[in-house]
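The values are calculated or read from the model by the stated rules, or taken from the named source; none is laboratory data. Since the structure is predicted, the reported quantities are computational estimates derived from the model, not experimental observations. Cβ coordinates were reconstructed from backbone atoms using ideal geometry, including for glycine residues, and neighbour counts include every protein chain displayed. SASA here: full protein model, heavy atoms, side chains in, ligands and nucleic acids out. Shrake-Rupley method; radii C 1.70, N 1.55, O 1.52, S 1.80 Å.
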Amino acid sequence: MIVVIDGPAGSGKSSTARAVAGRLEIQFLDSGALYRVATLIYLKAEKNKELFFELLKENKISFHFQDGTFIVYLNDTNVSDEIRTMEVSEHVSEVAAMPEVRSYVNILMHKAVEKNVYVADGRDLGTAVFPDAALKFFMVADLETRAQRRLAELQAKGSTASLEEVMKNIAARDEIDSSRSADPLKQADDAIEIDTSALSFEEQVSIICDQIKPLIAS
Ligand code: DC
């Protein structure tokens, strides 16, 4: 069974999905992290698309959720920190817009959710990847709130990026993610919208957990 949480960058979907998974003892899948690993490969290929697609086939991306942390590997190397740099953030929307990359990541995700109960976060999970998901949420928040959250995450990792830079990056990603032709960021008709601008983290986690609990129990 899969529950999906989609929304724009910084809407809080990833940290919320992780907390929901921890509280309900189910699996968490961070689809954005998989696009970020693909972006690492793209940067290693020095943005040469032909070489990138070759390397994407040759390299192995794998992941698991353990002790509340989503860990991603490129071959045998844990790249969970490397995928969060500004350089990766600046190129990830470009890479995620490539249909070849989207089908590669979609296959990885479908294989993973064959077993177990999952909560996954992304952009197009409720519309393109898992249209039959058991429950769909769409999280939104205003741009400044989203940028403040992302900035706090970056600062905790020692980055000196400014609020202005982060706001620009998020606004640019919103634009690319929503206007790309391959599976754009879009709210599914049957998704429950949650505006997190004025909600505490605890509140947003509880709203989602309360809706999932009856499904797990049945
Ligand atoms: O959630 P995130 O910021 O780590 O996601 C990184 C990028 O990946 C984001 O800019 C858009 C892309 N993405 C996507 O296109 N589809 C998804 N299901 C998840 C992420």
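Scanning the range 39-50 turns up one or more residues that are closer than 26 Å to Glu100 by Cβ, open to solvent by less than 30 Å² (accessible area, probe 1.4 Å) and touching a strand residue (DSSP E or B) at 6+ places or on another chain (Cβ under 8 Å). Close contacts from the range 183-195, counting a first residue that is within 21 Å of Glu144 (Cβ to Cβ) and more than 16 Å from the ligand (Cβ to nearest atom) and a second that is of a type in the set (Asp, Glu) and assigned to a loop (DSSP other than H, G, I, E, B), with Cβ to Cβ under 9 Å and a gap of 6+ residues or different chains, come to Asp195/Asp142.
Filtering Lys13, Lys44, Lys60 for residues that are more than 16 Å from the ligand (Cβ to nearest atom) and either within 27 Å of Glu165 (Cα to Cα) or small (Gly, Ala, Ser) (or both) leaves a single hit, Lys44. The residue that is surrounded by the most Cβ atoms within 10 Å (Cβ to Cβ), among those in the range 155-182 that are within 12 Å of the ligand (Cβ to nearest atom), under 30 Å from Ile26 (Cβ atoms) and aliphatic (A, V, I, L, M), is Ile170.
Of all residue pairs spaced 6 or more apart or on separate chains, those with beta-carbon atoms under 9 Å, a first member in the range 85-109 that is closer than 26 Å to Val119 by Cβ and a second member that is within 9 Å of the ligand (Cβ to nearest atom) and open to solvent by 60 Å² or more (accessible area, probe 1.4 Å) are Ser93/Ile176; Ala96/Ile176; Ala97/Ile176.
Assessment of the range 123-137 against the conditions (surrounded by 15 or more Cβ atoms within 10 Å (Cβ to Cβ), hydroxyl-bearing (Ser, Thr, Tyr) and assigned to a helix (DSSP H, G or I)) yields at least one matching residue. Scan the range 104-121 and tell me whether some residue there is assigned to a strand (DSSP E or B), surrounded by 16 or more Cβ atoms within 10 Å (Cβ to Cβ) and within 13 Å of the ligand (Cβ to nearest atom). Within the range 104-121, one or more residues are assigned to a strand (DSSP E or B), surrounded by 16 or more Cβ atoms within 10 Å (Cβ to Cβ) and within 13 Å of the ligand (Cβ to nearest atom).
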